[in-house]
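Here's the structure we're looking at; comments come further down.
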Amino acid sequence: MDLRRSTPAALTSRIATALDPSLVSPDLLDALAARLVELDASAPVGWRDAVLHSSPGDPASEQALRALVGDLLYARGLTADVAGPDLAPYVEAWSAPDPERQEPLLLDHASFAAPETLAAQYDAIVIGSGAGGGIAAQTLAESGRSVLVVERGGLPLRRDLLTDHLRTPRSGSGLFPHSGPGPDAEKREVMLGDGSWRDVLAGEGLWSNNAMTLGGTRMYGAQAWRFGPKDLAMASTYGVPEGSSLADWPITYDELEPFYTRVEQMLGVSGGPSTDPWEGTRSEQLPMGPLSRSPLGSLLTAAAERLGLGTQPVPLLINTRRRGGRAACLRCAQCVGFDCPVGARAGSHNTTLPSALATGNATLLGDAQASRIDVGPDGRARSVELVGERDGRLWHRTVRADLVVLAAGAIESARLLLDSATDQHPAGLGNAADQVGRHLQGHAYGGASALFAERVVDLRGPGVDISTADFRHGNDGIIGGGILADEFVPTPSSTQRYLRETGLVAADAPVGSPEMERAMLRLGKVVGPVQEVTSADSRVQVNMSRRDRFGRAIVRLSGSLHREDLRGRDLLSSRAADWLAEAGAVDVRPMSPMRLPTPPSGGQHQAGTCRMGTDPATSVVGPDGRVWEHPNILVADGSTHVTNGGANPVLTIYANALRIAEGVVRAG
């Protein structure tokens, strides 16, 4: 179909009203309209109707229209034909790195097995290839065991992951990200407060997406914080507030510390030195120093000194020098949400999975789902049913295993246990005490955005470089708290969305106008995740009466943040605003308060649905990660987290998965 000819004049007319007059030309309008029609056909976002039915003079409508047109304009980053005089010097910086600077992937499609080539049996089947699954697979394969790694996602084309600014997990476009899930993903059901169940499509935020792509961690931000001693003993530290199920971890920081250190050294973490007053002791310092500060980072550093705050570089799973066969960060302006063009960011796809495959003992199966775990009368897992689609046709395989490791993320790991119910286990595997799926948590974020009088953006990635951990604990009247840090370099389209949504730029400011371009280079953000107070009513369930095309029960999500979480979030927003103001910002906008009930907290840092503990009545797995009643089913992802810390949890997932997997190896 000729998209240009099919585009009505009304569409180009409305797009023109959102653009700065200097950009308006017939060719650009036709190109943007054609892009809109093409994108709108690929996801249920309703862009075309939103543009055609926008209401001139209505601030909300004007803001929405300009956000969409900005997305269209910067869909592939910043290009010379749409950059005005303020942004023109940054065209190269704010777009994908030149292909000549890219380094090859350590994992490609040749690494994959096909369903028909699978063996009948493996020593271990690992379900999920992200942080927990990758390190479990490497550990088990290096012990001599045969390992099958099953991943729901595939390996997206690298050119898409480097150039498409609208299909990243951090885009506000509503389009399906290349990292999954895609338009063929099943619906989920969500309940808000005391309302009724509603269907949610995978492109919506309420679906609570976690990466579904080979390696899982390929496009993440890679903040590598340790949880501290108090993070693992929240109930002992604060008590249990009403309406909460707050509890202590069954292991201490001292038990986890050696595994933190080994992961930092093995995968490579940069940063330090730290002034974090809540951090536990370290047996070894980080192997790499930090990257240089951004202009905003320098202003925040000086402001923190005046405010009496301790600061440290953000610990990152990013090489600041060549290490482990991977290049150093080249400081491109595309980091979180994109593939790293030189492999400097450590993820499962370029560390643990290649190491597992190098043993000759591991097999990697992408674009496949585990639909059921079959258990015998003794409760031991015997096999895993696998399903997928190829060339429009479904395929099924049943593979036997001596050990099953769940690492599919908090929602999908719980789903598989619940959907594997039997006559002997009618509520699902490991769910005799109705604990599977409960205590779902993620991270609510507090923070603030601000405009500075001068340019504070240098577009040198990753962008996040300065933090304070002072507010992780010790906040009067607050349970827990969280870290605060400056943000990753956002895309041009995300930047203009932030500016409009926060009110730092007027809703009717034209896209590409000098006002908008100057603001894009003067925007500063400080944000951080708050330690959530867990609730047994925040949960994952399945609807056995509704199944997707693979025959799997549909996920149900319900529950809300606790009122204490909102207090902690507001505290972080207030502190972030104070920090930006002290740094010299001329206009500061803290995040707006939230109201209860909130949607279920199960986004990118989802955790808690297979809680670890010592009592089968209140937990799903023991301290060794083994599911109660099913000794050869382990969980090795964030599902085991009793609490999720006031910082990004990936390093804890890595460390705990290493601890659990090595426990299996030691047991023989």
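The values are calculated or read from the model by the stated rules, or taken from the named source; none is laboratory data. Here the structure is a predicted model, which means the values were calculated and not measured. Don't worry about glycine lacking a Cβ; one is built from the backbone with ideal geometry, like all the others, and counts go over all protein chains shown. These accessible areas exclude ligands, DNA and RNA; they are computed on the full protein's heavy atoms, side chains included. Shrake-Rupley method; radii C 1.70, N 1.55, O 1.52, S 1.80 Å.
Quick look at the values:
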item: Residues of the range 302-388: accessible area per residue with a 1.4 Å probe, Å²; result: 30 Å²
item: Signed unit charges on C-beta, dipole axis of the chain, positive-most listed residue G337, I660, L166; result: I660
item: The range 39-152 - percent of accessible surface contributed by carbon and sulfur, probe 1.4 Å; result: 52 percent
item: Dipole magnitude of the chain about its Cα centre (Cβ charges: Lys, Arg +1; Asp, Glu -1), debye to nearest 20; result: 600 debye
item: Extension gain from A119 to T252, taking 0.36 nm per residue of separation minus the Cα-Cα distance; result: 43.9 nm
item: Carbon + sulfur, % of accessible area of the range 533-603 - ligands and nucleic acids excluded, 1.4 Å; result: 46 percent
item: Cα pair distances in the range 25-85, grouped into 10 Å bins until the bin that holds the longest one, percent each; result: 20, 51, 27, 1
item: Sequence-separation-based contact order of the chain, relative, with Cα cut under 8 Å and 6+ spacing, percent; result: 20 percent
item: Over 17 Å [Cα-Cα, the range 583-631], rounded percent; result: 62 percent
item: Heavy-atom surface of the range 586-668, accessible at 1.4 Å and reported per residue (Å²); result: 33 Å²
item: Helix axis angle, 295-307 relative to the chain longest principal axis, alpha carbon, degrees; result: 70 degrees
item: Relative contact order (%) - the range 567-668, alpha-carbon pairs under 8 angstrom, separation at least six; result: 19 percent
item: P(r) tail fraction, the range 521-640 - alpha-carbon pairs more than 24 Å apart, %; result: 49 percent
item: Carbon + sulfur, % of accessible area of the range 297-368 - ligands and nucleic acids excluded, 1.4 Å; result: 50 percent
item: Shape call, the range 1-110: gyration tensor on alpha carbons, a/c limit 1.5; result: prolate
item: Taking all pairs of distinct alpha-carbon atoms in the range 271-323, Kirkwood radius in angstrom; result: 12.5 Å
item: Using alpha-carbon coordinates, inclination of helix 253-263 to the longest axis of the chain, degrees; result: 70 degrees
item: 0 to 90° range, to nearest 10: angle between helix 650-667 axis and the chain longest Cα axis; result: 20 degrees
item: Compactness relative to 2.2 N^0.38 Å, alpha carbon Rg of the range 501-552; result: 2.23
item: Mean Cβ neighbour count within 10 Å, used as a protection proxy, ranking 205-212, 410-417 highest first; result: 410-417, 205-212
item: Mean separation of Cα contacts under 8 Å (6+ apart) over length of the range 274-371, as relative contact order %; result: 21 percent
item: Shape call, the range 147-257: gyration tensor on alpha carbons, a/c limit 1.5; result: oblate
item: Percentage of interatomic Cα-Cα distances in the range 454-516 larger than 15 Å; result: 65 percent
item: By average C-beta atoms within 10 angstrom, highest first, the peptides 643-650, 281-288; result: 643-650, 281-288
item: Residue-normalised accessible area of the range 168-295, expressed per residue, 1.4 Å probe, Å²; result: 39 Å²
item: Size descriptor, Kirkwood hydrodynamic radius, that averages inverse alpha-carbon separations across the chain, Å; result: 25.4 Å
item: Fully extended contour minus Cα-Cα distance, from E92 to S25, at 0.36 nm per residue; result: 21.8 nm
item: Prolate/oblate/rounded call for the range 515-587, Cα gyration tensor, a/c under 1.5 rounded; result: oblate
